[in-house]
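Trainee: Structure in structure tokens, see below.
The numbers here are math on the coordinates, done by the rules we state, and not lab data. Since this is a predicted model, take the numbers as computed values, not measurements. As a convention, Cβ positions derive from the backbone with ideal geometry for all residues, glycine included, and neighbour counts pool all protein chains shown.
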Amino acid sequence: MQKTLLGLGAILAILTLAGCQTAQGIGRDVSTAGQVIQQESAEAASGM
């Protein structure tokens, strides 16, 4: 019984860490997209 709970706990920990990495990756992607949009809008504004 203890081995089963320990195994389930380990699996849950791995899934949690994987989820955090995924969330960080999405955050970086959104941040990069925002920076690109700001650069493009600045270039468009300076060209007018």
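Trainee: Using a 7 Å offset from the Cα along the Cα-to-Cβ direction at both Gln21 and Ala42, what is the distance between the two label points in nm, to one decimal?
Mentor: Going from the Gln21 label point to the Ala42 one covers 3.3 nm.
Trainee: For the chain, which semi-axes, largest first and in whole Å, follow from the square roots of 5 times the eigenvalues of its Cα gyration tensor?
Mentor: Numbers: eigenvalues 432, 3, 3 Å².
Computed over the chain, the values are 46, 4, 4 Å.
Trainee: Helix-only estimate, please: 222 nm mean residue ellipticity of the chain, summing -39500 (n - 2.57) across DSSP H runs of length 4 or more and dividing by its residues, to the nearest 500.
Mentor: -35000 deg cm²/dmol
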